[in-house]
Structure formats: C-alpha cells, structure tokens
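The values are calculated or read from the model by the stated rules, or taken from the named source; none is laboratory data. As the structure is a computational prediction, the values presented were derived from the model and not from experiment. With ideal geometry, Cβ positions are generated from the backbone for all residues, glycine too; neighbour counts draw on all protein chains shown.
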Amino acid sequence: MSCALVDAALATAAEAARAGGAVLAATDRTRIDVTLKDARVDVTTSADLASQAAVVGVLRAAFAEHVVVGEEGTEPGSDARHVWYVDGLDGTSNFAHGIPWYCVSVALRCGDEVVAGAVFDPVHDVLYSAGRGRGATGNGVPLRVAGTDAVARAVVVSQIQSSDRAEIGEFVVLFEALMNAAGGVRFPGAPALILSHIAAGHFTAYVERAMAPWDISAGQLILEEAGGRLTDFAGTRVASAEVTDVVATNGAIHEELLGVLPR
C-alpha cells in the first residue's frame, strides 16, 4: 500500500508534535488541573487537553478533512481513510510530578497502515520521526536499533497503568518473568518515547498489555523504520488500530523474548 501524502504528512506530524511540546514547555505544572480516570493511578490533566488542542490546530490547518483521534477526544472529518492518532501528553503522571520523561505523539494512518509519525521530547528537544519507507531519524540523524542478540543482555521496559488488583497481579507475574530473564528491566512510562528509544538503540525491548493506538502508532513506525519489530504476545505484527498487547524489540531478541512471556 502506498500513500501520496507521506512526505507532507511527515512534515505536518513534526510541526504538530512540536506545537504540542511548546505548550507543555510553557505550562506551569504546579497550576494544572488533574483528573483521575480510575481509582488511583490513571490521570489526565489540563496540559493534556491544551497540548492536544495545539496539535489538532496544526493538523486541521493542513488536512481539514482528516479524522483526528486523540486520547482526549475525537475530531470528526469527511475523509475516514486518513486518520491521525494523537497523544498530546504521553507520560502524564511523569509530567504532573515533574519527572522529565514525557512526549507528544502524532501519527497518520492511511487505510490499513501508519505512514507518518513524530514523537517530540520537549525536555531534551529531540524530535523522533519516520515516514513509511523513508527511515527513522532523531533530530535528523538516522536511527538504528541496538545489535543486542540475547535477552540476558537486553534492557527491557515493562509497565502497567491500572489500579485493578487482578491486572496488577497479572503484571507482577510478567514482571517477575522478565526480571528472571533480562539484563535489566525498567518502568519509565510514556510508551511512544520508549519505542523511540528502542529505535535509537538505548532500550532493547518493551512489553505492555492493552495499548491504545495513540500510544503506539507513531512509535511503532519509528521503531520499524529503524529495523525493529512490534507484535502482539502471539508474535503477530500489530497492523490494526485496535487496543492491543505489545511486544516491541530490536528484532534480534524478539522470538526469545516471546518465549519468556507467561502464557
């Protein structure tokens, strides 16, 4: 499948991600409104809303007819073949607590494939981006996944954002399995940024359940264009925009890591 909009969409995604990042950089986090989505840990803030509004403004100016699906709401459009997936603040809890690990994620799906994506880290002023078939870059420098070829030497990210006791119990089993197999396990938050850092060769892999398309669409494209792989827990490449379990790696350790996961 080809999309004539790849280059224009890539430029727009980058502009939109930077616009959202500028909003976050100018926000006084001590004065934001915070709302709980569950009993304790899943939060959204006024900064999420403001950043998404800035992103949508850029997308609407360039592609008024496209649909925009964001974590904080959907903007309808007449062209349902082209759908933007937006997370105006990926890593909300980190942002709210002053932890410098969060980003803005913007991606365009054309039919059945994501064709352009950008992830902007406003803390470190790094723009990760990719176009389908164009490769992936970080601030214009080509990205390539790490060459690590064994789980025992891999740094793996795994995490959960839930106050549900049953889900936490399942995660503990998963986390234990990874701790007993990997060279290191981390829990930083912000999936789009995690995927970008695997693409850059920093982390080796990432495992998380029930991820939404605004969390992973841009990051998956960046990772795949950098030589990595993203599948569900059964090893099937994630190609739809449905909520999905995620195993993302540099490719070299993918099959071994799938074998580590509890069934």
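Could you list, in sequence order, the residues of the stretch 64-97 that are within 15 Å of ALA17 (Cα to Cα) and either touching a residue at least 24 places away in the same chain (Cβ under 8 Å) or assigned by TED's automatic domain parsing to the domain that holds SER217 (or both)?
VAL69, GLY70, GLU71, TRP84, TYR85, VAL86, ASP87, GLY88, LEU89, ASP90, GLY91
Could you grab the pairs with beta carbons closer than 7 Å, sequence gap of 6+ or different chains, first residue in the stretch 225-243 and farther than 20 Å from PHE203 by Cβ, second one loosely packed, with under 13 Cβ neighbours inside 10 Å?
ALA239/ASP112
Say we look at the stretch 244-263 and pick out the residues that are among the small types (Gly, Ala, Ser) and without any contact (Cβ under 8 Å) to a residue 60 or more places away in the chain; which of these is surrounded by the fewest Cβ atoms within 10 Å (Cβ to Cβ)?
GLY259
Going by the structure shown, is VAL157 in a helix (DSSP H, G or I) and either at pLDDT 95 or above or under 14 Å from ALA118 (Cα atoms) (or both)?
On the way: in a helix (DSSP H, G or I): no; either at pLDDT 95 or above or under 14 Å from ALA118 (Cα atoms) (or both): yes.
Taking the combined requirement at face value, the residue does not satisfy it.
What residue, among those in the stretch 85-134 that are of a type in the set (A, V, I, L, M, F, W, C), in contact with a strand residue (DSSP E or B) (Cβ under 8 Å, 6 or more places away or on another chain) and not in a strand (DSSP E or B), is surrounded by the most Cβ atoms within 10 Å (Cβ to Cβ)? Break it down stepwise before answering.
Filtering the stretch 85-134 for residues of a type in the set (A, V, I, L, M, F, W, C) gives 86, 89, 95-96, 99, 101, 103-104, 106-108, 110, 114-116, 118-120, 123, 126-127, 130.
Filter once more, so that each one left must be in contact with a strand residue (DSSP E or B) (Cβ under 8 Å, 6 or more places away or on another chain): 86, 89, 95-96, 103-104, 106-108, 110, 114-116, 118-120, 126-127, 130.
Subset that is not in a strand (DSSP E or B): 95-96.
Details: PHE95: 27, ALA96: 19.
Filtering first and then ranking leaves PHE95.
Going by the conditions given, is ALA47 farther than 24 Å from ASP121 by Cβ and not basic (Lys, Arg)?
Values: farther than 24 Å from ASP121 by Cβ: no; not basic (Lys, Arg): yes.
When the stated conditions are applied, ALA47 does not pass them.
For the stretch 31-76, give me the residue count where each residue is modelled with pLDDT under 95 and assigned to a loop (DSSP other than H, G, I, E, B).
11
For ARG60, indicate whether it is buried (at least 19 other Cβ atoms within 10 Å of the Cβ) and basic (Lys, Arg). Walk me through it before giving the result.
Details: buried (at least 19 other Cβ atoms within 10 Å of the Cβ): no; basic (Lys, Arg): yes.
Here the answer is no, as ARG60 does not meet what is asked.
Residue by residue through the stretch 107-164, note down the ones that are under 18 Å from the mean Cα position of the chain (by Cα) and of a type in the set (Lys, Arg).
Once the filter is applied, which keeps residues that are under 18 Å from the mean Cα position of the chain (by Cα) and of a type in the set (Lys, Arg), the stretch 107-164 yields ARG109, ARG132, ARG144.
Could you go through the stretch 139-157 and let me know if any residue there is in contact with a Phe, Trp or Tyr (Cβ under 8 Å, 6 or more places away or on another chain), free of Cβ contacts under 8 Å to residues at least 60 places away in the same chain, assigned by TED's automatic domain parsing to the domain that holds ARG209 and within 23 Å of ARG209 (Cα to Cα).
yes
Does ALA152 satisfy being assigned to a strand (DSSP E or B), over 29 Å from ARG31 (Cβ atoms) and among the aliphatic types (A, V, I, L, M)?
Working: assigned to a strand (DSSP E or B): no; over 29 Å from ARG31 (Cβ atoms): yes; among the aliphatic types (A, V, I, L, M): yes.
Against the criterion (assigned to a strand (DSSP E or B), over 29 Å from ARG31 (Cβ atoms) and among the aliphatic types (A, V, I, L, M)), ALA152 does not qualify.
For VAL173, indicate whether it is in contact with a strand residue (DSSP E or B) (Cβ under 7 Å, 6 or more places away or on another chain) and either in a loop (DSSP other than H, G, I, E, B) or assigned by TED's automatic domain parsing to the domain that holds ILE222 (or both). Spell out the reasoning first.
Details: in contact with a strand residue (DSSP E or B) (Cβ under 7 Å, 6 or more places away or on another chain): no; either in a loop (DSSP other than H, G, I, E, B) or assigned by TED's automatic domain parsing to the domain that holds ILE222 (or both): yes.
It is false that VAL173 is in contact with a strand residue (DSSP E or B) (Cβ under 7 Å, 6 or more places away or on another chain) and either in a loop (DSSP other than H, G, I, E, B) or assigned by TED's automatic domain parsing to the domain that holds ILE222 (or both).
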